[in-house]
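Here's the structure we're looking at; comments come further down.
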Amino acid sequence: MWRTLLNRGSFFRFGYEPQTVDILPEVPGVSFEEAWQRRLSGVVDPETGLTAFFMSAEDLIASKLASERAQDLADVDSIQKSLDSGDVTTEPS
């Protein structure tokens, strides 16, 4: 399974809708070094204090625009509305 992640354009998804997680070894429109500087962290399990890192909204939008897929372009609008309403945290970790 992990060897598949070495192939360009591959990804690994786990979980069930609506709570899925995608692991991507490469993201179009975003360099790892820059995205890492802007990453966000969040507690994913309050009971244990487990935290995880997430792409910033800025990088997520850039990657979705670079993909040019219809669903990703529609997602940009939803992300932007969340940002405008203040429902999304944009402060880096």
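Laid out as a table, the results:
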| read-out | value |
| --- | --- |
| FRET E, pair L50, A70, Förster distance 25 Å, beta-carbon r, rounded to 0.05 | 0.15 |
| Counted charge near D77, where neighbours are those whose Cβ lies closer than 13 Å (Asp, Glu -1; Lys, Arg +1) | -1 |
| Estimated inter-spin distance, V21 and D77, nm [label 7 Å along Cα→Cβ] | 3.1 |
| Local electrostatic count, G15, Cβ distance below 15 Å [Lys/Arg +1, Asp/Glu -1] | -2 |
| Most mobile of A57, A70, A35 in a GNM of the chain (Cα contacts under 10 Å) | A70 |
| Radius of gyration, Dmax [the chain; alpha carbons; angstrom] | 14.1, 40 |
| Order of I23, I79, I61 - criterion: other Cβ atoms within 10 Å of each residue's Cβ, fewest first | I23, I79, I61 |
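FYI, it's all coordinate maths here, none of it is from the lab. Values in this document were obtained by computation on a predicted structure and should not be read as measured data. Reconstructed Cβ throughout: ideal geometry from the backbone, glycine too, with neighbour counts over all protein chains shown.
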